[in-house]
Every structure is written in structure tokens, then in C-alpha cells.
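Just so you know, all these numbers are worked out from the coordinates, no wet-lab data involved. Everything quoted here is computed from the prediction, not taken from an experiment. No Cβ is skipped: glycine too gets one built from the backbone with ideal geometry, and neighbour counts run over all protein chains shown.
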Amino acid sequence: MPITVLIVDDHPSFRAMARAVLADDGFCVVGEAADAESGLAVARELRPDCVLLDVQLGDADGFALAEALAVGGERPAVVMTSGRDRGDFEALIGASAACGFIPKERLSGSALGELLR
Amino acid sequence: MSFAIAPVATPQRARAFTAAVSLTAAAAAAGGVVAIAAGVVRNDTRTLAAVTLVAALSFVGSGLVAWRRRPDVWTGALMIAAGFALFAGSLANSNSALPFTIGLVLAPLPSAIIGHLILSFPEGRLHSTLERLVVAGAYFVVFVVQIVMLMFMGFEHVTGCPCPTNLLFIRDDMALHSLIMSTQRFLGIVLAIAAAWIVVRRWQNASGPLRRALAPILVTGSATIVLLLAELIAANSSTRAWAAVSSAERVAIALVPIAYLVGLFRARLGRVAVSDLVIELGRMPAEPGHLRDALSRALRDPSLELAYWVPESETYVGIDGRTVEPAAAAGQTVTVLERHGQRIAALVHDPALGEDPALLSAVSTAAGLALENERLLAELRAQLERLRESRARIVEAGDTERRRLERNLHDGAQQRLVSLALGLGLAESKVEQEPATAVTLLQAAREELAQALSELRELARGIHPAVLTERGLTYALTTLAERAPVEVVLDVQLDRRPPPAIEAAAYYVVAEALANVAKYAQATTATVSVTIDRERLHVEVADDGVGGADASAGSGLRGLDDRVQAFGGSLRVISPPGQGTQILAELPLRS
């Protein structure tokens with residue numbers, strides 16, 4: 001059974017491209033959300049195995065959503081992503097409920113699979 | 001008796017007025033003396049009549065002095081009026097009907113005028129609604145109520161009075177008369193107490209100079225009020241006791257105007273203070289704030305504040321250079337100080353000082369040079385303060401701009417490059433199994449790359465227009481005009497290139513002005529003209545839009561102003577509502 005993924009990012013072009021890349025690599029992208037509020041709602045409804053989460057969602061903070069997703073029974077694995085430099089968030093990622101970080105331009109099925117293993 | 005004593009314009013008229021008042025008062029007094037001597041005045045009131053004459057003369061004399069000092073306030077006129085009312089009041093001692101009736105009507109009037117005088121001390125005007133109510137009430141009680149009472153007063157009931165006819169008499173109604181009289185007395189007592197309370201409150205709240213000025217009038221005024229109360233209470237007892245109290249009250253009254261004058265003279269502080277000030281200013285170390293302290297000591301007003309005038313910005317600043325508004329706080333007066341006809345400062349001071357404009361002007365003359373020095377110092381500080389603010393704004397504007405650039409890069413070109421990287425990766429994986437899909441993906445990637453390049457170019461131009469450096473202001477403004485959403489008429493007359501920083505400043509003035517035209521002006525055309533002379537570069541951007549732009553409101557125009565001022569130039573925004581906007585910048589070619 002393929003791993004289900006929810007993509008939460010405020011840039012539609014990235015969501016579309018990430019969906020294509022992950023689908024090509026055998027993941028099942030079950031949903032997309034553009035902001036923190038709908039991201040949380042969709043995650044609770046669809047219960048994906050994994051949430052690919054942008055660090056900065058417009059004005060909201062991706063890490064806050066990661067914490068919110070980590071509360072409850074079935075917690076999805078959260079993988080942070082960003083177009084900005086990893087070094088900017090290193091400490092935050094370590095302290096957060098997320099299981100890892102993938103720079104946006106390096107997103108691929110194998111990179112995601114590596115973190116979920 | 002006349003209240004119509006308007007400020008007299010010429011010295012001749014002033015002298016004539018003084019002479020007329022003095023002669024009339026002298027004649028009245030002489031008449032009184034003759035009447036007393038000739039036995040026209042009834043025996044039992046002879047002492048009272050004599051004291052009253054003295055009090056009347058005291059009032060008229062003091063009134064004339066006060067009026068000569070300050071013809072613009074009512075104090076002198078009121079005193080003169082009180083004097084004549086006292087004369088008229090003693091006509092009640094007369095044996096014939098008309099003077100007797102006039103005397104009866106006017107006899108209580110001086111008490112109201114004295115109340116009015118005390119409450120309006122020292123400026124000659126009443127200070128509050130309560131004071132106005134008390135004074136109006138007093139006039140009503142001593143005049144209107146008095147007349148109504150006299151209408152029902154049959155003098156046959158008054159013991160030991162072989163009185164002449166009361167011309168106001170309508171019918172004898174002892175009950176009504178008593179009622180009115182009791183009411184009059186009661187109201188009189190209430191008003192006297194209210195006046196006393198107001199005076200005590202003023203004393204409590206008064207500053208040093210005002211207390212010094214208030215003291216004499218307070219002593220005589222309260223004595224008068226106490227005796228007036230005693231007189232009102234003693235009215236039912238024997239005629240002899242009443243006459244004694246009345247005489248004492250008249251003596252106190254006679255002292256009131258003199259005390260009033262003493263108070264006024266104490267409020268002015270004497271020329272000694274000015275000479276002390278001159279000496280102190282000579283010794284004064286050039287430290288800010290000393291002048292205020294010296295003035296405060298010379299004028300004996302610890303509450304005194306100085307605000308310096310900055311003609312350039314048309315505002316007042318404190319000695320620290322910060323803008324202040326010298327509004328008169330509660331119980332303070334503001335006087336503008338001038339030197340050689342130029343406004344230099346505003347003095348916020350105790351109102352008692354305003355009683356003596358001559359002193360204030362002597363002090364400001366004595367302190368003139370020091371004031372001018374401190375004013376220049378304050379102006380310099382104000383300029384430094386403005387500079388500091390504008391420098392902070394320039395740094396802040398730089399930060400804001402960097403944030404905007406980072407945001408634009410992140411949301412624009414960077415996102416496109418991310419998509420490009422992912423797209424290329426996807427294409428790579430499809431090359432062998434699905435070459436057609438790979439080609440489509442590569443085409444999309446090329447399109448994405450073109451967009452990213454275009455966005456980067458746009459952004460780079462925003463950071464600094466390369467055409468400006470490479471091809472000069474004329475060409476850069478042409479490209480700016482071509483990109484503007486409204487029609488731009490360009491008129492650039494340059495025979496040489498200004499220094500790069502000035503070129504850039506001029507370019508940003510036009511760029512920001514045209515951006516504003518596009519955003520707010522609802523204009524159809526804009527004209528841009530740039531000229532150069534030996535000293536300066538002149539830039540003008542005008543539009544035919546709605547106007548009403550405020551240079552101090554928007555950060556854009558404010559930032560331009562900072563930028564232009566940083567080069568020692570000036571920026572003006574003329575934007576009357578409905579008549580378009582004109583932005584004029586002048587930039588010096590060498591700093």
C-alpha cells in the first residue's frame with residue numbers, strides 16, 4: 001500500500017510540482033492545503049501517513065502547525081520543507097515534532113522515504 | 001452715575017476725562033460736607049455720612065490711578081463707579097424726595113461692585129462661570145430686588161425718621177416688604193459667603209506672585225465681607241448699633257480700593273528685579289536652562305517656562321530642541337517675546353505678571369541677547385533632533401526595503417527555480433520510459449526559467465536602475481515615463497550630468513512621484529520637468545489628478561524628503577484638494 005501524503009504549502013506551483021514528483025515516485029498524495037488552518041482540518045479528516053509542511057505558510061508558522069499535528073491519536077509523520085536555507089531552521093527542526101527537513105529543490109520520493117524509514 | 005467709561009484714545013481725552021471725574025467727585029464731596037455742616041443730614045447718620053464721603057473719594061481716586069495704568073480693563077471704571085455709587089447712596093440722608101429716592105436705590109450698589117472688583121482681581125476679568133454667577137446675582141440683589149422692595153416700603157413705619165417721600169412707593173404692604181427684605185438679606189448673606197469661599201480657594205491655589213498681590217485685597221475684602229454680614233444681621237437691632245457697624249463697614253470699604261492698588265503694585269515687581277537680572281545674565285554660564293532659572297527668579301515665578309521660536313518650522317521648541325506647544329495650562333498665561341520685531345520666544349507665566357506688561361517687556365529687553373542666544377541653541381538642537389529622526393527613518397526605510405526585496409526574491413524567482421529543479425528532476429526520470437512527457441516537462445521548465453529571469457531583472461532595476469548609471473538621467477527618466485500607466489510629458493533640460501548621488505535622488509523623486517500618481521491621483525497626464533543651473537538641479541512632477549496628498553502622512557513622500565534633505569536639498573508638495581499635485585525638489589549639485 002502506497003504511503004499517503006498531505007502537502008501544506010502556500011505556493012500553488014510548488015504544491016503541483018511536489019504532487020507530480022511524489023506521485024511519480026510511488027507516493028499517494030491524498031490532499032493539499034494552502035494555510036495552517038485548513039492544513040490541520042484536512043490532516044484530521046484524511047489522516048495521511050505523512051505531512052509535507054512548508055516552514056512559512058504566508059503569515060502563519062509551519063512549526064506551530066507541526067506541534068498541533070503532533071497532538072492526538074494517529075499522528076502523521078511531519079516533514080518540513082522550505083525554499084530558504086536549512087541553516088536558518090536547524091535548531092527549530094531539532095526541537096520540533098517534525099521528523100526531518102527537505103530543501104524544496106531536493107524533494108523526491110527517495111528523500112522523503114529516507115526520512116520516513 | 002455712568003458705566004460708559006470706554007478706553008480713551010488720546011492723552012488729551014484721557015486728561016479731560018480725569019479732570020471731569022475728579023471735579024465731579026470733588027463737587028459731590030464738597031456738597032456732602034456742606035450738607036453735613038449745614039445740618040441737612042439727619043443727626044443720627046452724620047458720622048456714617050462723613051465716613052461714606054471719605055470712602056467714595058478713596059474709590060474715585062484709586063479708580064483714576066488704576067484706570068490711567070490700564071485703560072483697557074474695567075477695574076478703574078468699576079472703582080470710579082463704586083465711588084459715585086457711594087456718593088449717591090449718601091443722598092438717602094437727604095431731606096428732599098428725589099435725592100432721597102436715588103440714594104435709597106443706589107445705597108447697596110457699592111457692595112456688589114466691591115464683590116465684582118475682588119473676584120476680578122488682578123486681571124480685571126472674572127475667571128469662571130461661578131464667579132460670573134455670583135457677581136450677576138449680587139447686582140440683581142442690590143439693584144433689582146432693592147427697587148422692588150422700595151415699591152412696598154412705607155417710611156412712616158421707620159422709627160425716628162421724618163423722611164421725605166419715597167418716589168417709588170406704590171402701596172404700603174408691610175408683610176410683602178418684610179418678605180422681600182428678608183429674601184434680599186438672605187441672598188446677600190449667601191452671595192457674601194460664596195464670594196468669601198471663592199477668594200479662599202483662589203488663595204489656596206495661588207502661586208507666590210499672585211499671593212503677594214492678593215494679600216492686601218484679601219485682608220480688606222474679608223473685613224468688608226464680615227462687616228457686611230454683621231450689618232445685614234444687625235439690621236433688626238437698634239439704629240445706633242446698626243449705624244456703628246455701618247460706619248465700621250464704610251471705613252473697611254474706604255480701604256478696599258487702596259489695598260487693591262497696593263496689590264496691583266505688588267504684582268508688578270519693581271525695576272530692581274530687572275537690574276538684578278541684567279547682572280545675573282552677565283555672570284551666567286552658557287549652560288542651557290540657566291536663562292529660564294534667571295527669569296524665574298527675576299520675575300519670582302517658579303512656574304515660569306520658556307519656549308523658543310523656530311521660524312523655519314514655525315514651531316516652538318524647548319531648550320532640548322524638542323517641539324513644545326506653549327499652551328496656557330490652568331492658571332497660566334502665555335506672553336510672546338519679541339526682539340527687533342522678530343518673535344524669539346514664548347513665556348508661560350503666572351497671570352499676575354501679565355498685570356504689568358511694562359515689566360515683562362523690560363525683562364525681555366534685558367534678557368534679549370541671552371534669549372536670542374538660547375533660541376539659536378534651541379534651534380540648533382531642534383535641527384539635530386530632526387536630523388536624528390530623519391537618519392533613523394532612512395535606516396528604517398533601508399530595512400523595510402531589504403525585507404521587501406527578500407520577500408520578493410523568495411516568493412518570486414526562488415519559487416520558480418524550485419519548481420524548475422523539481423521539474424528537471426521529473427523530466428530526467430521520464431527520459432527513458434516516457435520521452436514525450438519528458439519533453440513537455442523540459443518545455444515547461446524553460447518557460448519557468450524565462451519567467452524567473454524576467455522577475456530577477458525587474459527586481460534588479462528596483463534595487464538600482466542600471467540605465468541611470470550607464471546612460472544618465474534623461475534616458476532613465478524616459479524609460480520610467482514609458483512604463484508609467486498614465487501619459488507622461490517629459491521635459492528634461494540637462495547640459496551636463498549631475499553627480500551620481502544627485503542623479504539617483506532625482507530619479508527616485510520622479511519614480512516615487514509617478515508611482516503615487518498611478519496609485520492615488522486618478523490623473524490622466526503627468527508632466528515631469530528637470531532643469532539644471534549653476535547651483536542646483538530642479539525637479540518638478542505635476543499631475544492633473546485629485547490632489548490632497550500629504551507629505552507628512554505617507555512613508556513614500558516622507559522617505560523622499562529625507563533623501564533630498566540628506567543632500568541639503570528641499571522637497572515641497574503642493575496638493576490642494578481637487579487641483580492636482582505638484583512635487584518640487586531642489587538638489588544642490590555640491591554638498
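For the reader, a short list of remarks on this structure follows.
- Fraction of beta bridges assigned by DSSP in the protein assembly as shown that are antiparallel (%, nearest 5): 60 percent
- Cα-projected label distance for B:TYR139 with B:MET181, points at 7 Å along beta-carbon direction, nm: 2.7 nm
- With the simple spin-label model, which puts each label point 7 Å out from Cα in the Cβ direction, the B:ALA215 to A:GLU45 separation comes to 8.8 nm.
- Computed magnitude of the charge dipole of segment B:402-463 (debye, nearest 20; Cβ of K, R +1, Cβ of D, E -1): 500 debye
- Extension gain from B:THR129 to B:GLU325, taking 0.36 nm per residue of separation minus the Cα-Cα distance: 67.9 nm
- Segment B:113-145 residues near the modelled B:SER303 label - backbone nitrogen below 15 Å, point 7 Å along Cα→Cβ: B:122-123, B:127-128
- A prolate overall shape is assigned to chain B, the ratio a/c of its alpha-carbon gyration tensor axes (a ≥ b ≥ c) being 1.5 or greater and a/b exceeding b/c.
- Spin-label model, B:ASP399 to B:SER222: label points 7 Å out along the Cα-to-beta-carbon direction sit 6.1 nm apart.
- At 1.567 mPa s and 4 °C, Stokes diffusion of segment B:402-463 via Kirkwood alpha-carbon radius, µm² per second: 104 µm²/s
- Three-way shape label, the protein assembly as shown, alpha-carbon gyration tensor, a/c 1.5: prolate
- Exercise: per-residue mean of other protein chain Cβ atoms within 10 Å, A:99-112: 2
- Two-site FRET efficiency, B:LEU584 against B:GLN451, from Cβ-Cβ distance with R₀ of 45 Å, rounded to 0.05: 0.70
- FRET efficiency for B:LEU377 and B:VAL34, using Cβ-Cβ distance with R0 set to 56 Å, rounded to 0.05: 0.20
- Segment A:51-75 residues near the modelled A:SER38 label - backbone nitrogen below 15 Å, point 7 Å along Cα→Cβ: A:54, A:57-60
- Think of segment A:4-116 as having a plus end and a minus end, set by charges on the Cβ of Lys, Arg, Asp and Glu; of A:LEU22, A:PHE101, A:ALA41, A:LEU22 sits farthest toward the positive end of this dipole.
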